């Protein structure tokens with residue numbers, strides 16, 4: 001699975017990189033070749049656990065009905081970093097319970113064109129903001 005998510009992430013980098021900002025993220029979420037199910041973003045901490053930056057909530061019991069990726073409102077002022085958080089969640093949306101945290105790191109790093117270690121450090125820095 002690691003090789004597959006790395007390849008999918010690299011495809012996103014080629015298509016939407018080298019800088020995956022807010023506008024590129026919006027286009028990515030509409031691209032069914034990259035994001036399997038409909039997704040919306042919402043800046044709302046209510047569904048998040050304490051200390052949680054983001055979480056994908058299904059709209060129903062059927063993935064085809066889509067998801068909302070809830071993001072902590074703090075990140076409304078960090079739109080340049082929202083892609084980091086959303087990419088991590090997209091692995092769970094695209095692959096469901098088969099995806100691991102390692103897969104999410106590999107995917108996000110490849111999509112952003114950075115090392116897995118750098119991506120992990122970036123996520124930690126974002127979490128530290130909370």
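When you scan region 98-125, how many residues do you find that are crowded, with 22+ Cβ neighbours inside 10 Å and either over 18 Å from residue 55 (Cβ atoms) or touching a strand residue (DSSP E or B) at 6+ places or on another chain (Cβ under 9 Å) (or both)?
6
Does residue 64 satisfy being surrounded by fewer than 17 Cβ atoms within 10 Å (Cβ to Cβ) and part of a helix (DSSP H, G or I)?
So residue 64 passes the test.
Restrict the check to region 18-36 and report whether at least one residue is surrounded by 12 or more Cβ atoms within 10 Å (Cβ to Cβ), in contact (Cβ under 8 Å) with a residue 24 or more places away in the chain and over 13 Å from the mean Cα position of the chain (by Cα).
Within region 18-36, none of the residues are surrounded by 12 or more Cβ atoms within 10 Å (Cβ to Cβ), in contact (Cβ under 8 Å) with a residue 24 or more places away in the chain and over 13 Å from the mean Cα position of the chain (by Cα).
What number of residues within region 46-89 satisfy the criterion of being more than 18 Å from residue 34 (Cα to Cα), touching a residue at least 60 places away in the same chain (Cβ under 8 Å) and touching a strand residue (DSSP E or B) at 6+ places or on another chain (Cβ under 8 Å)?
Of the residues in region 46-89, 1 are more than 18 Å from residue 34 (Cα to Cα), touching a residue at least 60 places away in the same chain (Cβ under 8 Å) and touching a strand residue (DSSP E or B) at 6+ places or on another chain (Cβ under 8 Å).
Can you name the condition, by its number, that residue 32 falls short on among (1) part of a loop (DSSP other than H, G, I, E, B); (2) farther than 19 Å from residue 13 by Cβ; (3) modelled with pLDDT of 95 or more?
Going through (1) part of a loop (DSSP other than H, G, I, E, B); (2) farther than 19 Å from residue 13 by Cβ; (3) modelled with pLDDT of 95 or more one by one, residue 32 breaks only (2).
Any chance region 90-111 includes a residue that's in a helix (DSSP H, G or I), in contact (Cβ under 8 Å) with a residue 60 or more places away in the chain and more than 13 Å from the chain's Cα centre (by Cα)?
Taking every residue of region 90-111 in turn, at least one turns out to be in a helix (DSSP H, G or I), in contact (Cβ under 8 Å) with a residue 60 or more places away in the chain and more than 13 Å from the chain's Cα centre (by Cα).
Within region 79-88, can one find any residue that is within 23 Å of residue 7 (Cα to Cα) and outside any helix (DSSP H, G or I)?
Looking for residues that are within 23 Å of residue 7 (Cα to Cα) and outside any helix (DSSP H, G or I), one finds none in region 79-88, hence no.
The values are calculated or read from the model by the stated rules, or taken from the named source; none is laboratory data. If you're wondering where the values come from, they're calculated on a predicted model, not measured in any experiment. Neighbour counts run over all protein chains shown; Cβ positions are idealised from the backbone, glycine included.
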